[in-house]
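The values are calculated or read from the model by the stated rules, or taken from the named source; none is laboratory data. Note that the structure is a prediction, hence the values are computed from the model and not measured. Cβ coordinates were reconstructed from backbone atoms using ideal geometry, including for glycine residues, and neighbour counts include every protein chain displayed.
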Amino acid sequence: MFDPKAEAMSRDERAALQRHRLWGLVDRLLAAGGVQGERLREAGVKGGADVTLADLHKLPFTTKQDLWDNYPFGMLTVPRDQVAAVHGSSGTRGRPTLVAYTRADLDLWASMCARSLSCAGAGPGSIIHNAYGYGLFTGGIGIHQGAVALGATVVPMSGGMTERQVRLLTDLRPDVLACTPAYALRLGEAAAEAGADLSWLKAGIFGAEPWTEELRAAIERVLPIKAVDIYGLSEVIGPGVATECLEQNGLHVNEDHFVVEAVDPATGTPVADGEPGELVFTTPTKQALPLLRYRTGDIASLTRAACDCGRSLVRMSKVTGRADDMLVIRGVNVYPSEVERVLLGTGLVVPHYQLVVDRRKPATRLLVACEAAAGGDPAEELAKALQAELGLAADVHVLPSGTVPRVEVGKAVRVVPWETGEAPLPGLA
Ligand code: DLL
């Protein structure tokens, strides 16, 4: 553990710490007078002392819309000149979401990512091959700073240029690989094609996009590693919000800094532990852009059961999808990750696939583009499996090997719309 005192502290001790920090946050938001402070006032909160952890769920939410409405610096709770860096997400859904960090926020972020890397078994002296993109995206720079804080050696590869990545993976003998799960697959395949020996790699720390247990198994087949999941979002800090340990059984949320709740996405009311809900985070220790009850849109469940690694932090399940990513195909609601689970679970396809949502006619169709693992055309069998397990009527297209786009840079695009004109992939009729 990077910080055993914090990661393994008793629940009571942590709750006291959270409560104390939450008071401080509420006072700061009220003093800053922005949208979050106003909402607190409207809710009758006059100071931190009015708020308890048990009552957190009664406080107002903050959303991505608030960040957009106050773009770029309207939600700061420190003077602008205290901002040491900005980051953000590329905004595949439209506008970029920008976030800000003070120097203290950057230090906090580095120690959260150092915790993540030690969850994957890294320590001082480890070599971390970091193939998350560097730039506004938080993946590259976040993991980089975490590796430095841990006392490890970081190789700042960023994404792309796969051949060169394989070369440095071979020459520098890193023990940990950090990148998106889709790119890990791509790297594993490229290493196999090049006959590269990566036997010293021990673990991979993969996140920034949803991935299933089935994808984990596929990655662990092409790379000699334990693949662990890392979760985070720019708004909360970036990577380092929660990470799986080598038990591979849920992601430990750094709840001493990121207080987590799971709520019903429709009603906003808390769901019980073990039930899937939308993750909501409060960041009591962040300075530049602290958030009270930020709605992530990400669906996962929480558990407070003990973990064999000794960390006492609450764990979240893998994210099954985003509330706004759910597809509705002829009345059947389905997350892309459920389709991934069924497809890869059959063992009939390679782990590269794309879902094309054909909206050219009022009755939306789902086309599944994939590639067979061992020749032949398993389309019919795959369609049956999707029907049997998800009740989903999909048109499965088994395309020639290498046709489904591989991800080199950025997040995997699993779902593509087809609104008009030619099909987005060749071979889909
Ligand atoms: O993706 C931060 C990150 C970088 C996390 C590197 C892990 C590793 P954003 O670009 O702001 O930040 O995107 C955040 O990505 O709300 C989720 O929908 C999704 N996401 C992130 N990690 C996971 C994960 C980074 N492990 C959004 N599983 C989040 C599923 C994830 N979805």
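Looking at 52, 63, which is the one that is closer than 18 Å to residue 257 by Cα and of a type in the set (Val, Ile, Thr)?
The conditions single out 52.
Name the residues in region 315-328 that are touching a Ser or Thr at 6+ places or on another chain (Cβ under 6 Å) and either under 30 Å from residue 3 (Cβ atoms) or more than 14 Å from the ligand (Cβ to nearest atom) (or both), would you?
The answer is 315, 317, 320.
Report yes if residue 207 is closer than 25 Å to residue 343 by Cα, within 16 Å of the ligand (Cβ to nearest atom) and in the same structural domain as residue 119 (by TED's automatic domain parsing), otherwise no.
yes
Given the options 105, 81, name the one that is within 25 Å of residue 4 (Cα to Cα) and of a type in the set (Asp, Glu).
105
Check 250, 238, 207, 232 and return the single one that is closer than 23 Å to residue 352 by Cβ, surrounded by 20 or more Cβ atoms within 10 Å (Cβ to Cβ) and under 17 Å from the mean Cα position of the chain (by Cα).
Testing whether each residue is closer than 23 Å to residue 352 by Cβ, surrounded by 20 or more Cβ atoms within 10 Å (Cβ to Cβ) and under 17 Å from the mean Cα position of the chain (by Cα) leaves just 207.
Scanning region 176-204 for residues that are outside any helix (DSSP H, G or I) and surrounded by fewer than 20 Cβ atoms within 10 Å (Cβ to Cβ), which turns out farthest from the ligand (Cβ to nearest atom)?
195
If residue 44 meets every condition in (1) assigned to a loop (DSSP other than H, G, I, E, B); (2) under 26 Å from the mean Cα position of the chain (by Cα); (3) not aliphatic (A, V, I, L, M) apart from one, which number is that one?
The number of the failed condition is (2).
Checking residue 312 against (1) outside the structural domain of residue 266 (by TED's automatic domain parsing); (2) buried (at least 17 other Cβ atoms within 10 Å of the Cβ); (3) away from the ligand (no atom under 16 Å from the Cβ): exactly one of these is not met. Which one?
Tallying (1) outside the structural domain of residue 266 (by TED's automatic domain parsing); (2) buried (at least 17 other Cβ atoms within 10 Å of the Cβ); (3) away from the ligand (no atom under 16 Å from the Cβ), residue 312 fails exactly one: (1).
Kindly state which strands (runs of 3 or more DSSP E) lie completely within region 282-381 and contain at least 1 residues that are on the phi > 0 side of the Ramachandran plot.
Filter on region 282-381 gives 294-300.
Name the pairs whose Cβ atoms lie under 8 Å apart, with the first residue in region 226-249 and under 20 Å from residue 306 (Cβ atoms), the second of a type in the set (Phe, Trp, Tyr) and within 10 Å of the ligand (Cβ to nearest atom), and 6 or more positions between them or separate chains?
Going by the 8 Å Cβ cut-off, the qualifying pairs are 228/206; 229/206; 229/211; 242/231; 243/231.
Go through the residues of region 223-235 one by one and say whether even a single one is of a type in the set (Phe, Trp, Tyr) and either in a loop (DSSP other than H, G, I, E, B) or in contact with a Lys or Arg (Cβ under 8 Å, 6 or more places away or on another chain) (or both).
The answer is no, given that none of the residues of region 223-235 is of a type in the set (Phe, Trp, Tyr) and either in a loop (DSSP other than H, G, I, E, B) or in contact with a Lys or Arg (Cβ under 8 Å, 6 or more places away or on another chain) (or both).
Being at pLDDT 95 or above and β-branched (Val, Ile, Thr) is the filter; apply it to region 73-96 and report the residue that is nearest to residue 232 (Cα to Cα).
So, considering only residues that are at pLDDT 95 or above and β-branched (Val, Ile, Thr), the one nearest to residue 232 (Cα to Cα) is 86.
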